[in-house]
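J.: Mind having a look at this structure? Questions to follow.
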Amino acid sequence: GQTAIVNGLLITGLGTVLLFLVRQTRISRRRTSELEVISDRNASTVSSALDAIIAVNMDGVIVEFNPAAARIFGYTRNAAIGSRLDELIIPERYRESHRKGMERYRTTRQKHVIDAGRVEMSALRADGTEFPIEFSLGATQGTNSQLIIAFLRDISQRVAQEKELRTARDE
């Protein structure tokens with residue numbers, strides 16, 4: 001009698017655990033599917049953006065380089081990923097300042113340019129020419145470490161038009 005009761009309780013307990021595991025598996029699959037949709041949506045957004053989007057890790061190494069960045073800077077995605085941002089697109093005269101800013105953020109998390117809005121400066125194309133850009137920076141948590149995301153825009157045309165307007169006004 002007691003053995004039958006214990007066996008019945010064990011079978012009931014195992015059945016309950018099995019139902020729980022099946023339910024958890026379904027929840028996990030649904031969440032995985034939702035995350036895949038979100039990941040696909042984010043990848044599509046980055047790849048179709050008109051502005052350059054470049055993500056760097058805390059060592060300043062490029063981990064993402066969208067098609068607009070390739071078009072604007074003249075590097076293929078494969079050539080850019082794994083390269084140091086400062087050596088690839090930052091003119092020599094700004095590199096030390098960039099490195100110090102990265103080091104300050106890495107050690108103190110003090111934001112000076114990150115989340116500070118739009119900033120204008122010069123950048124380098126693959127052919128070595130400098131051109132004016134407008135950029136903004138944000139920070140986010142990556143899978144293994146924090147990332148800095150740069151949104152950059154070539155403003156050469158706007159700068160040229162503003163110069164023409166000033167020249168016309170002065171004449």
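J.: Quick one: pull the percent of accessible area on region 40-171 belonging to carbon and sulfur, 1.4 Å probe, ligands and nucleic acids left out.
T.: Result for region 40-171: 50 percent of the exposed heavy-atom area is carbon or sulfur.
J.: Hey, of (1) 51, 37, 26; (2) 62, 38, 26; (3) 108, 33, 30, which did the structure itself give for Cα extents along the principal axes in Å when calculated?
T.: Of the listed options (1) 51, 37, 26; (2) 62, 38, 26; (3) 108, 33, 30, (3) comes from this structure.
J.: Here's a follow-up. Between region 91-115 and region 122-142, how many Å separate their Cα centres?
T.: Each part reduced to its Cα centre gives a spacing of 14 Å.
J.: Excluding ligands, DNA and RNA, what is the solvent-accessible area per residue of region 4-113 at a probe of 1.4 Å, expressed in Å²?
T.: 68 Å²
J.: Based on alpha-carbon atoms only, what is the radius of gyration of region 18-81 relative to the globular estimate 2.2 N^0.38 Å?
T.: So region 18-81 has a normalised radius of gyration of 1.65.
J.: Per DSSP helix of 4 or more residues, -39500 (n - 2.57); summed, then divided by the residues of the chain. What does that give at 222 nm, rounded to the nearest 500?
T.: Taking each H run of at least 4 residues, the total per residue is -18500 deg cm²/dmol.
J.: While we're looking at this one, here's another question. Might you work out the accessible area of Tyr75 for me, using a 1.4 Å probe with all protein chains in place, and round it to the nearest 10 Å²?
T.: Surface accessible to solvent at Tyr75 totals approximately 50 Å².
J.: Right, something else. Is the C-alpha gyration tensor of region 114-162 telling us rounded, prolate or oblate? Criteria: a/c under 1.5 is rounded; beyond that, a/b larger than b/c is prolate, otherwise oblate.
T.: Oblate is the answer for region 114-162, as a/c is 1.5 or above yet b/c matches or exceeds a/b.
J.: What ³J(HN,Hα) values, in whole Hz, does the Karplus curve 6.51 cos²θ - 1.76 cosθ + 1.60 give for region 96-102 when θ = phi - 60°, with x put for Gly and Pro?
T.: Values, residue by residue: 5, 4, 4, 4, 5, x, 4 Hz.
J.: Rounding to the nearest 20 debye, state how big the charge dipole of the chain is about its Cα centre with +1 on each Lys and Arg Cβ and -1 on each Asp and Glu Cβ.
T.: 780 debye
J.: Just tell me the longest site-free run in the chain, where the sites are trypsin sites (Lys or Arg not before Pro) in a DSSP loop having at most 15 other beta-carbon atoms within 10 Å.
T.: In short, 1-108.
J.: Could you work out the relative contact order of the chain, using alpha carbon pairs under 8 angstrom and six or more residues apart, expressed as a whole percent?
T.: 18 percent
The values are calculated or read from the model by the stated rules, or taken from the named source; none is laboratory data. Owing to the predicted nature of the structure, the values given are computational and were not obtained by experimental measurement. Virtual Cβ from ideal backbone geometry, glycine too; neighbours counted across all protein chains shown. The area values use the complete protein model at the heavy-atom level, side chains included, leaving out ligands, DNA and RNA. Shrake-Rupley method; radii C 1.70, N 1.55, O 1.52, S 1.80 Å.
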